[in-house]
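These notes concern the structure reproduced below.
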Amino acid sequence: MSWRKQPLEPHSSGLRDRIWWGAGSNATAIWAVKLGMNLQSSTLKNNETGEPFHIQQAAQIKAYRSVWKEAGHEREPRASVSRSIVAIMDDRDRTYFGRGGEDDDQIGFIDPRTEAIFGRSYAAEPGVLIEEIKKDEAIDRGQRVTTDRPQPTRCCLQYPCHLIDSDTRGAGSRVALSDSQKPLSVVLRFLSRVRALITDHAFSSILA
């Protein structure tokens, strides 16, 4: 039986350049290069060298970009990383996130033969948070940072909105962000957009 490529309808100009592949290992990052896909590297990957998570992830992005040039793609490669980030602004935040325990990477097994490493979470006062993020080599190598918002298992409906409001208004106003602190400014802009969406949503009055 012969196969031929079928066109994707409706046509979306530039779609190929907007496809992202979530790579959990260096090998799958290289595989994504062959198909010309962007790299999405999350907070979990195979523990391939035993080094800290952010160093392994930075090496994954570096390898991805290196092979991209060799593959002959015309456009620039795009890489994104994910982080769990909380700015501690008051005692409520401290109660939920200020007790530590997630400042180190975690090791586990996806299956009996695959050891994985889960990247640490960032939870601290804005000034400390910036200094910690500046040391993250993978954030420095990625063009885009996506954040997942950790949620306490027991909290009122108002608390998630408080988290977003604190990050966008409190952290942004209390800390002057220089060019060298760009990673956090990217995160703050992202949270600002999320807060705007929640504010405009039909059920925002329930969360207020």
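The values are calculated or read from the model by the stated rules, or taken from the named source; none is laboratory data. What you are looking at is a predicted structure, and each value in this text was computed from that prediction instead of being measured. Cβ coordinates were reconstructed from backbone atoms using ideal geometry, including for glycine residues, and neighbour counts include every protein chain displayed.
Descriptive notes on the structure:
Here's the yes/no breakdown for (1) among the hydroxyl-bearing types (Ser, Thr, Tyr); (2) free of Cβ contacts under 8 Å to residues at least 12 places away in the same chain:
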{"site": "16", "(1), (2)": "no, no"}
{"site": "42", "(1), (2)": "yes, no"}
{"site": "49", "(1), (2)": "yes, yes"}
{"site": "56", "(1), (2)": "no, no"}
{"site": "59", "(1), (2)": "no, no"}
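- Residue within the range 75-83 that is basic (Lys, Arg), out of contact with any helix residue (DSSP H, G or I) (no Cβ under 7 Å at 6 or more places or on another chain) and exposed (fewer than 11 other Cβ atoms within 10 Å of the Cβ) present: no
- Some residue of the range 1-12 being among the basic types (Lys, Arg) and at pLDDT 90 or above: no
- Condition met for residue 92 (in contact (Cβ under 8 Å) with a residue 12 or more places away in the chain and under 22 Å from residue 44 (Cα atoms)): no
- Within the range 25-36, restricting attention to residues that are in contact with a helix residue (DSSP H, G or I) (Cβ under 8 Å, 6 or more places away or on another chain) and among the aliphatic types (A, V, I, L, M), the residue that is surrounded by the fewest Cβ atoms within 10 Å (Cβ to Cβ) is 30.
- A count restricted to the range 111-127 and to residues that are farther than 20 Å from residue 147 by Cβ and either without any contact (Cβ under 8 Å) to a residue 12 or more places away in the chain or surrounded by 13 or more Cβ atoms within 10 Å (Cβ to Cβ) (or both) stands at 5.
- Failed item, numbered, when residue 51 is tested on (1) under 18 Å from residue 23 (Cβ atoms); (2) touching a Phe, Trp or Tyr at 6+ places or on another chain (Cβ under 7 Å): (2)
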